[in-house]
Amino acid sequence: MKRRSGKSRKIADWTVRALSSLAALIGIVFLVWILYEVTIRGAKALSPDFFFKLPTPPGIPGGGVANAILGTLVIIIMAALIGVPTGILAGVYLSEFGQETRFGAYVRFANNVMMGVPSIIVGLFVYTLLVLSTGHFSAYAGAVALAIIMLPVIARTTEDMLQLVPNGLREAALAIGSPRWKATFSVIFRAAKSGLITGVLLAMARVSGETAPLLFTAMNGPYWPRSLTQPTPNLTVTIFNYAMSPYRDWQQTAWGAALVIMAAVLALNIFTRLSLREAKK
Amino acid sequence: MAEKKKRHINADILFKAAASFCAALIFIIMAGILIELFRGSHLAISKFGFSFLTSQQWNPVTQQFGALSSIYGTLVSTAIAMLIAVPLSLVIALFLVELAPPALSRPVGYAIELLAAIPSIIYGMWGLFVFAPFLSQYVQPLLKKYLGFTPFFQGPPMGIGMLTAGIILSLMILPFISAVMRDVFQMVPAVVKESAFGMGATTWEVTRKVTIRYGMQGLIGASFLGLGRAIGETMAVTFVIGNDHRISASLFAAGNSIASTLANEFAEASDKLYLNSLIELGLVLFLITLLIQIAAQLWLKRLQKTVGSQ
């Protein structure tokens with residue numbers, strides 16, 4: 001057997017240790033770099049006008065993205081209204097009825113695959129389904145696209161969270177004669193409450209930053225959103241259009257909008273994770 | 001009493017039906033995507049047939065559409081991302097599980113996970129306005145100086161292009177891959193590792209000969225998941241890839257990916273054939289990701305079975 005000296009083995013070991021610490025450091029450096037640049041550049045664009053005024057043409061100061069903020073909120077709330085109940089019910093099926101069934105296994109598999117479908121494909125699907133057929137871009141088309149993205153995420157976390165509820169609780173609820181739906185909603189859901197809320201909030205945080213599915217569905221617009229059946233301004237598509245424009249002041253506004261979206265998404269993320277950690281204790 | 005019980009049973013049937021329907025909805029949506037994308041691209045499919053996949057032409061004026069440059073760009077940018085992200089994720093996971101003290105491992109792991117929470121459009125903006133100029137000023141000239149004899153690092157270092165897209169993609173998939181790899185490392189039984197340490201092996205030797213070997217399948221599965229994410233990523237790539245329908249060997253050159261072409265050109269697609277061709281591009285992307293996802297899920301499922309039986 002070949003023997004290697006202890007020294008060369010130690011050197012190899014220390015090299016790898018140094019490399020892996022360096023890799024972790026690289027990850028952190030990029031995180032800080034992105035956060036820093038967006039914060040510094042975005043903060044310059046923020047003002048009361050930014051939050052409360054309509055956009056102005058390039059070159060004219062004093063414009064804001066109030067319409068896009070409102071539009072984004074409307075689209076996300078509608079998406080949640082569609083995606084949360086369906087996602088939770090799908091998760092209930094997987095956890096409460098589909099643990100041993102073949103259909104349950106297929107759904108679980110399809111759900112995992114669905115989570116990896118690119119969001120732009122979902123946007124394209126909703127475009128052919130709801131925009132081509134009706135002839136107009138709309139807030140509800142955008143909401144449906146985001147809801148489709150939320151559905152598998154919520155179904156998965158719901159199943160995971162309901163599976164954490166001890167079986168004894170299920171059996172006790174059924175043994176005192178309560179029907180299945182009541183046992184699920186008022187006993188099992190109550191036990192899994194914090195986990196379910198976390199799942200929903202994380203899914204909402206994820207779709208809040210989505211741009212690609214909105215490009216072909218909600219599109220964008222320079223005015224207040226007036227009806228759900230019209231192109232609806234939203235922050236992410238506004239960022240895309242403004243950042244790609246050649247105008248300095250529009251690019252500036254895009255940084256501001258990027259900061260708002262990033263802060264909202266990260267705050268939602270950090271808050272839910274912290275509260276989940278509290279709940280676990 | 002009997003009346004009440006009957007009502008309970010009816011409500012329960014309704015409850016189960018609603019839950020089953022929502023579960024089935026996942027299938028319905030997947031089938032719906034496939035059908036709608038086929039339907040939406042029938043003009044392009046019947047006009048170009050198989051040559052859609054092999055033609056480099058993408059010319060809205062002459063109505064010639066071929067997906068080759070987009071497919072090429074998608075594959076190359078993804079390959080760059082994987083080449084960077086997989087080894088980096090591996091050593092990061094190693095750092096988090098084996099090397100860092102718990103007080104350090106938790107916040108660092110958390111920071112890496114936060115990279116996944118940043119929306120892709122933010123990566124795009126940062127990439128275009130901050131990272132691309134940085135690359136063109138400091139990194140690309142160096143690459144050109146020392147590696148310029150290869151065909152990959154030629155041409156003007158503009159910052160935007162295939163290389164930049166690949167690097168940013170690698171940052172975006174890094175947290176997904178390293179999270180799964182971390183779980184894989186943690187699954188390795190402590191006894192196995194301790195016995196290797198007991199024989200006097202160093203941390204790296206234990207990792208290379210025990211941990212990585214034990215968790216190989218899981219590590220491959222993790223990479224598959226990252227691959228699936230990278231291949232369909234849209235906004236970040238659209239900002240920095242340069243959107244050019246030419247294929248060039250140099251990684252400095254601008255290119256395009258399927259997703260970036262969709263995001264960029266959809267608004268301009270005024271006539272039917274153009275629109276159909278774009279939707280067919282989407283169909284190609286959907287089929288590729290579907291294959292990767294199914295392969296990844298089957299792989300991970302098999303892995304769970306073998307680990308479960310041990």
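The values are calculated or read from the model by the stated rules, or taken from the named source; none is laboratory data. Keep in mind that what you see is a predicted model, and the values were worked out from it rather than measured. Backbone-built Cβ (ideal geometry, glycine too); neighbour counts: all protein chains shown.
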* To do: Taking only segment B:108-121 into account, find how many residues are within 25 Å of residue A:235 (Cβ to Cβ) and more than 8 Å from chain A (Cβ to nearest Cβ).
  => 2
* **Criterion violated by residue A:90 - all others in (1) surrounded by fewer than 16 Cβ atoms within 10 Å (Cβ to Cβ); (2) in a helix (DSSP H, G or I) satisfied** => (1)
* To do: Just one of (1) farther than 19 Å from residue B:243 by Cα; (2) at pLDDT 95 or above trips up residue B:41, so point out which.
  => (2)
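I'd like to verify a number: residues in segment A:171-206 that are charged (D, E, K, R) and over 29 Å from the mean Cα position of the chain (by Cα), how many? Before you say what the answer is, go through the steps one by one.
Kept after step one, since they are charged (D, E, K, R), are these residues of segment A:171-206: A:171, A:180, A:182, A:190, A:193, A:206.
Next, from what is left, pick out any that are over 29 Å from the mean Cα position of the chain (by Cα): A:171, A:180, A:182.
Here the count works out to 3.
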* Asked: Would a scan of segment A:245-252 turn up a residue that is on the phi < 0 side of the Ramachandran plot, at the interface with chain B (Cβ under 9 Å from one of its Cβ atoms), free of Cβ contacts under 8 Å to residues at least 40 places away in the same chain and in a helix (DSSP H, G or I)?
  -> yes
* Asked: Would you pick out the residues in segment A:168-203 that are within 12 Å of another protein chain (Cβ to nearest Cβ) and assigned to a loop (DSSP other than H, G, I, E, B)?
  -> A:177, A:178, A:179
* Asked: When you go through (1) in contact (Cβ under 8 Å) with a residue 60 or more places away in the chain; (2) closer than 17 Å to residue B:98 by Cα one by one for residue B:163, which number turns out not to apply?
  -> (2)
* Residue pairs meeting the criteria (Cβ under 9 Å; at least 6 apart or on separate chains; first touching a residue at least 40 places away in the same chain (Cβ under 8 Å), in segment A:5-20; second of a type in the set (Lys, Arg)) -> none
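Restricting attention to segment A:46-57, report how many residues are surrounded by 15 or more Cβ atoms within 10 Å (Cβ to Cβ) and part of a helix (DSSP H, G or I).
The first filter runs over segment A:46-57 and keeps only residues surrounded by 15 or more Cβ atoms within 10 Å (Cβ to Cβ), leaving A:46, A:49-50, A:53-56.
Those still in the list that are part of a helix (DSSP H, G or I) too: A:49-50.
Here the count works out to 2.
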* If you check A:235, A:276, A:259, A:268, which single one turns out to be away from every other protein chain (no Cβ under 11 Å) and either surrounded by 18 or more Cβ atoms within 10 Å (Cβ to Cβ) or under 20 Å from the mean Cα position of the chain (by Cα) (or both)? -> A:276
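Pick out the one residue from B:105, B:70 that is surrounded by 15 or more Cβ atoms within 10 Å (Cβ to Cβ), touching a strand residue (DSSP E or B) at 6+ places or on another chain (Cβ under 9 Å) and either without any contact (Cβ under 8 Å) to a residue 12 or more places away in the chain or more than 9 Å from chain A (Cβ to nearest Cβ) (or both).
Details: B:105 fails: touching a strand residue (DSSP E or B) at 6+ places or on another chain (Cβ under 9 Å).
That would be B:70, the only listed residue that is surrounded by 15 or more Cβ atoms within 10 Å (Cβ to Cβ), touching a strand residue (DSSP E or B) at 6+ places or on another chain (Cβ under 9 Å) and either without any contact (Cβ under 8 Å) to a residue 12 or more places away in the chain or more than 9 Å from chain A (Cβ to nearest Cβ) (or both).
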* Asked: Residues in segment B:45-59: is at least one exposed (fewer than 15 other Cβ atoms within 10 Å of the Cβ), without any contact (Cβ under 8 Å) to a residue 12 or more places away in the chain and either aliphatic (A, V, I, L, M) or in contact with a helix residue (DSSP H, G or I) (Cβ under 8 Å, 6 or more places away or on another chain) (or both)?
  -> no
* When residues of segment B:282-296 are filtered for being closer than 15 Å to residue B:258 by Cβ, hydrophobic (A, V, I, L, M, F, W, C) and within 9 Å of chain A (Cβ to nearest Cβ), how many remain? -> 5
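Considering only segment B:58-90, state which residues are more than 26 Å from the chain's Cα centre (by Cα) and closer than 19 Å to residue B:244 by Cβ.
Step one: of segment B:58-90, the residues more than 26 Å from the chain's Cα centre (by Cα) are B:59-64.
If the condition is that a residue be more than 26 Å from the chain's Cα centre (by Cα) and closer than 19 Å to residue B:244 by Cβ, then B:59, B:60, B:61, B:62, B:64 are the ones that fit.
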* Index of the failed condition, residue A:219 passing every other in (1) surrounded by 19 or more Cβ atoms within 10 Å (Cβ to Cβ); (2) modelled with pLDDT under 90; (3) at the interface with another protein chain (Cβ under 9 Å from one of its Cβ atoms); (4) farther than 30 Å from residue A:132 by Cα -> (4)
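Just to confirm my filter: which helices (runs of 4 or more DSSP H) fall fully inside segment B:191-291 and include at least 3 residues that are crowded, with 24+ Cβ neighbours inside 10 Å and in contact (Cβ under 8 Å) with a residue 24 or more places away in the chain?
Working: elements: B:203-206, B:216-232, B:235-240, B:258-265.
Answer list for segment B:191-291: B:216-232, B:235-240, B:258-265.
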* Restricting segment A:191-207 to residues that are more than 15 Å from residue A:85 (Cα to Cα) and free of Cβ contacts under 8 Å to residues at least 60 places away in the same chain, the residue that is surrounded by the fewest Cβ atoms within 10 Å (Cβ to Cβ) -> A:191
* Structure fact -> When restricted to A:43, A:68, A:24, A:18, the only residue more than 9 Å from every other protein chain (Cβ to nearest Cβ), surrounded by 17 or more Cβ atoms within 10 Å (Cβ to Cβ) and not β-branched (Val, Ile, Thr) is A:68
* Go through (1) assigned to a helix (DSSP H, G or I); (2) of a type outside the set (Ser, Thr, Tyr); (3) crowded, with 23+ Cβ neighbours inside 10 Å one by one and return the number of the condition residue A:109 breaks. => (3)
* **Check on residue B:140, touching a residue at least 60 places away in the same chain (Cβ under 8 Å), more than 15 Å from the chain's Cα centre (by Cα) and buried (at least 23 other Cβ atoms within 10 Å of the Cβ)** => yes
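Would you check if there is a residue in segment A:93-106 being assigned by TED's automatic domain parsing to the domain that holds residue A:254 and closer than 30 Å to residue B:174 by Cβ? Explain how you work it out, then say what you get.
First, pick out the residues of segment A:93-106 that are assigned by TED's automatic domain parsing to the domain that holds residue A:254: A:93-106.
Of the ones still in play, those that are also closer than 30 Å to residue B:174 by Cβ are A:94.
Looking for residues that are assigned by TED's automatic domain parsing to the domain that holds residue A:254 and closer than 30 Å to residue B:174 by Cβ, one finds at least one in segment A:93-106, hence yes.
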* residue B:308 vs. criteria crowded, with 19+ Cβ neighbours inside 10 Å, at pLDDT below 90 and farther than 17 Å from residue B:79 by Cβ -> no
